[in-house]
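> Before I ask anything, let me first share the structure, which is written out below as structure tokens.
The values are calculated or read from the model by the stated rules, or taken from the named source; none is laboratory data. Treat the numbers as computed from the prediction; the structure is a model and nothing was measured. All Cβ positions, glycine included, derive from the backbone under ideal geometry; neighbour counts span all protein chains shown.
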Amino acid sequence: MERSYVHGVGKTFFPTSAGPKRLFEVVILLRRRNGLYLVHTKEFYPRGTYRLLSGGVKPGEDLIAAVRREALEETGLEVRIESFLGILRHQFVYEGHSLLF
């Protein structure tokens, strides 16, 4: 599955630094042996907020390698990939400027 979305956003959405920008991200739906899915939280998330594992794709890194690396970094687990669910492309637009994610 592949889907594309275009979003109109405000000026403050666009990065202001010249540093490296994360343009791609993987999201991991990790099912434990007991059938439950792994989610996580961080201290700066609002209380009761949990997310799926995710992380940036390094320049030149393939998506499968990024999934394995991020799962290992976030959980310490080496994972087996059962299926690939899809690609979502988001384009953010403001006054003629565009940022693809």
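> Just checking, how many residues over segment 59-101 are outside any helix (DSSP H, G or I) and either of a type in the set (A, V, I, L, M, F, W, C) or within 20 Å of L30 (Cβ to Cβ) (or both)?
20
> Give me a count of the residues in segment 31-45 that are part of a loop (DSSP other than H, G, I, E, B) and either charged (D, E, K, R) or loosely packed, with under 10 Cβ neighbours inside 10 Å (or both).
Final tally of qualifying residues: 8.
> Mind checking whether some residue in segment 57-78 is more than 17 Å from the chain's Cα centre (by Cα) and small (G, A, S)?
yes
Here is a yes/no grid of residues against (1) at pLDDT below 85; (2) under 16 Å from the mean Cα position of the chain (by Cα); (3) of a type in the set (A, V, I, L, M, F, W, C):
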site: S4; (1), (2), (3): yes, yes, no
site: V9; (1), (2), (3): yes, no, yes
site: T16; (1), (2), (3): yes, no, no
site: K21; (1), (2), (3): yes, yes, no
site: V26; (1), (2), (3): no, yes, yes
site: L29; (1), (2), (3): no, yes, yes
site: N34; (1), (2), (3): no, no, no
site: T41; (1), (2), (3): no, yes, no
site: F44; (1), (2), (3): no, no, yes
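> Ok, one more. Select from segment 73-93 the residues that are surrounded by 12 or more Cβ atoms within 10 Å (Cβ to Cβ) and β-branched (V, I, T) and list them in ascending order.
Of everything in segment 73-93, those that are surrounded by 12 or more Cβ atoms within 10 Å (Cβ to Cβ) and β-branched (V, I, T) turn out to be T75, V79, V93.
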